[in-house]
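The values are calculated or read from the model by the stated rules, or taken from the named source; none is laboratory data. This is a predicted model, so every value here is computed, not measured. Note: ideal-geometry Cβ built from the backbone for every residue, glycine included; neighbour counts use all protein chains shown. To get the accessible areas, we keep the full protein, side chains included, count just its heavy atoms, and leave off ligands, DNA and RNA. Shrake-Rupley method; radii C 1.70, N 1.55, O 1.52, S 1.80 Å.
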Amino acid sequence: MKNRKQYKYQSKKAEDPVAIEGKYKKKIEMILIISILALIISSSFIFVNRAEESTNGIAVEFTTRILDDDSGSDLEEKHLVAGKEALLTFRLKNNKTGEPISGLSPEISFYIPGEDDDSEHKHFDGFDNELNLAKLQLFVLNSKKGTIEVLDTFGSYDPRPRPIQNMGLMTSKLIALRGSPGQKVGDMVAGRYGDYLYATMPNENQVAVVNTISQDVIKYIDVGAVPGLMFLQPRSRYLWVSNEGGSSVSIIDTENNTLVKTMATGKGYHEVAFSQENAYVTNNQSNTVSVIRLNDLTKIGYTRVEEEPYGIDYSNASNEIYVTNRHSGTVAVIDPGTHNIKKRIPLSPGIETIRFSPDGRRGVVLNKYEDSAYIIDAETGSLIKTVRTGEAPDSVVFMEEYALIRNTYSSDVTYISMIDPDVSNNELVGGQPPFYGKKHSIITSPYGDEAVITSPGDNRIYFMHKMYGHPMVMTSAAVEYGSDTAAIVENKIHETVPGTYQQYIKLDRDGAYDIVFRTQRINATFRIDVLPDHRIGLLTTALFNRTFIPGRASVLQYRIADRRTGLPEENLTDLVFIIIKPSTGKGTWTKRLSSKYTGSGIYEAEVTFPEEGMYMVTLASGALGNRGYDTTYDYVTVRN
């Protein structure tokens, strides 16, 4: 497993570390990656006072608001309820001028406040956990059934010990779209700030909007006829939808999830690329590329290209638009200043997909009819190398210096180095080819160092990252309903209006926490107290000490009660205690123990800890899970 610290969300600018004085020095950070069972206690009260702090001449006001409050109140609250979506808001202004402070790249972290005696923290030592409000979630689409799975783990980002990772399927929730099962879905993409997920529904002429915090469909947006692919406009709130049956594109505002407009383009299949000033839309049957000005979303013309324009992309290195012409086998290079074709790069008939590396220097053009990938140079506008791929290459992404190509008629991924295209190979992914192409059947993490690959024939998701200098499949996970498209959601704090920074969250875990808002110049801390919610679900209370002696029989006890009534839970016949000593040089030690009911809602199990160290204790039960219990861990120390 990779060192998790590299995934911590930080400002892009270099900054000096700022110490937290006094009792805040002992910090415990635990990144919330996805809504993993190990870290969520979804029924707690969270009381937060509106607060303001001043640091380095900048005032930081912190407020919270419940978004799904049963009372219907839309006011800023003094408390939050865990299990309900909440909005955190930080407003920054200059103390002297009152002007908003804009353009920052902040990070948010939670800390367990330190006390004079820091022994209370020792049960966390050595686990390298961080609690950060930013998180990653993995959603998997089955386009034929109209369902979206939310996964508990995310490849090598899962911080739980392997025995916990290996317990059953990853699926934590299944989201059924309107008309499921059998609702056909075209594409799925994540919004820019991780608040929402979008899925096109060609049979309904709609786009479904999924709230990634509540993991529910919140609305359906009417768009043009037969919506297909979606394209997120860089540095913008807009999501573009290609309407294959309506000769148009629709534009959705992802901040308020409303349709901005639907614009006529040309006939046929559409892809969209963006320069600094314009959007370019291919019209496959009209042999044109529509040009739409971004600042006012006005169509300003079109460029006529050769037969069957298909794929399109923009190179930020050359500041040019590249269009593949499937029939003629050429790549047309369009000048975004004049919208005229500057040159044509001859390749071969049948080329479709084109994508440029993040630095814009190298482009990859796929021909699935000839099982080949063409590497082109943006600076010279020429072909560098032709690489043999697997069968029927269809989609391409970039992971570090490599292009990763998903092949549809062979069960592999072709990787090609963009530094040295002579370095290439095919990496086996699963046992069955997908047999049909999906644009997002292979995606990369926001950090660009790990890829997620769907394998619908295997009902599995595969995770790939670089090992020993080249991409390798490292892990996989079963999915219950098949998979053909994936989306990684990064929920992160972002500026909504000048000087206002917001993030959607759910908070958990009992106790006091400090939430810290940091930028290059700011280090503001606010206190949050988290209390149990006595209204829903089951409450489990550990009755054992946190310290045990190795080699001696020890009894672990939990009291389990209904949160609402307080009555003991007496019928958990399948309750199992799971004790784990995370991997050291000797490997991971785990023990599953049947429980014994002793009365008054108390269940116990006897264990002999083999050696000194830190151990994790959790419970597992089908009946427990059905009653609203989310898996949590208690940490104990074993020592002489």
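Annotations for the structure displayed:
- Restricting attention to region 540-567, the residues being part of a strand (DSSP E or B) and surrounded by 15 or more Cβ atoms within 10 Å (Cβ to Cβ) number 11.
- Qualifying residue in region 466-487 (condition: modelled with pLDDT of 85 or more, open to solvent by 10 Å² or more (accessible area, probe 1.4 Å) and under 17 Å from the mean Cα position of the chain (by Cα)): no
- Taking (1) more than 13 Å from the chain's Cα centre (by Cα); (2) over 22 Å from K145 (Cβ atoms); (3) surrounded by fewer than 23 Cβ atoms within 10 Å (Cβ to Cβ) in turn, Y193 satisfies each apart from (1).
- Test for R304: is it open to solvent by 20 Å² or more (accessible area, probe 1.4 Å), more than 34 Å from the chain's Cα centre (by Cα) and among the charged types (D, E, K, R): yes
- Matching residues in region 503-518 - criterion: being at pLDDT below 80 and within 30 Å of D187 (Cβ to Cβ): Y504, I505, K506
- Restricting attention to region 316-351, the residues being touching a Gly at 6+ places or on another chain (Cβ under 6 Å), assigned to a strand (DSSP E or B) and polar (S, T, N, Q) number 1.
- Selection within region 225-250 - within 17 Å of T298 (Cα to Cα) and surrounded by 21 or more Cβ atoms within 10 Å (Cβ to Cβ): L239, W240, V241, S242, S248, V249, S250
- Every residue from region 223-244 that is among the hydroxyl-bearing types (S, T, Y), in a strand (DSSP E or B) and in contact with a Phe, Trp or Tyr (Cβ under 9 Å, 6 or more places away or on another chain): S242
- Among the residues of region 371-381, those that are open to solvent by 20 Å² or more (accessible area, probe 1.4 Å) and modelled with pLDDT under 95 comprise E379, T380.
- Considering (1) over 19 Å from T632 (Cα atoms); (2) surrounded by 19 or more Cβ atoms within 10 Å (Cβ to Cβ); (3) at pLDDT below 85, the lone condition that R527 does not fulfil carries the number (2).
- Applying the condition of being surrounded by fewer than 21 Cβ atoms within 10 Å (Cβ to Cβ) and not in a loop (DSSP other than H, G, I, E, B) to region 489-502 and asking which residue is modelled with the highest pLDDT yields T500.
- Some residue of region 290-301 being modelled with pLDDT of 95 or more, surrounded by 22 or more Cβ atoms within 10 Å (Cβ to Cβ) and in contact with a Leu (Cβ under 6 Å, 6 or more places away or on another chain): no
- All conditions in (1) modelled with pLDDT of 85 or more; (2) open to solvent by 60 Å² or more (accessible area, probe 1.4 Å) hold for H534, with the sole exception of (1).
- When the test is whether a residue is within 25 Å of Q502 (Cβ to Cβ) and in a loop (DSSP other than H, G, I, E, B), Y193 passes it.
- Filter pass, G311 being farther than 21 Å from K439 by Cα, of a type outside the set (A, V, I, L, M) and out of contact with any Gly (no Cβ under 9 Å at 6 or more places or on another chain): no
- If you filter region 196-247 down to residues that are of a type in the set (D, E, K, R) and touching a residue at least 40 places away in the same chain (Cβ under 8 Å), you find that the one that is farthest from L259 (Cα to Cα) is D216.
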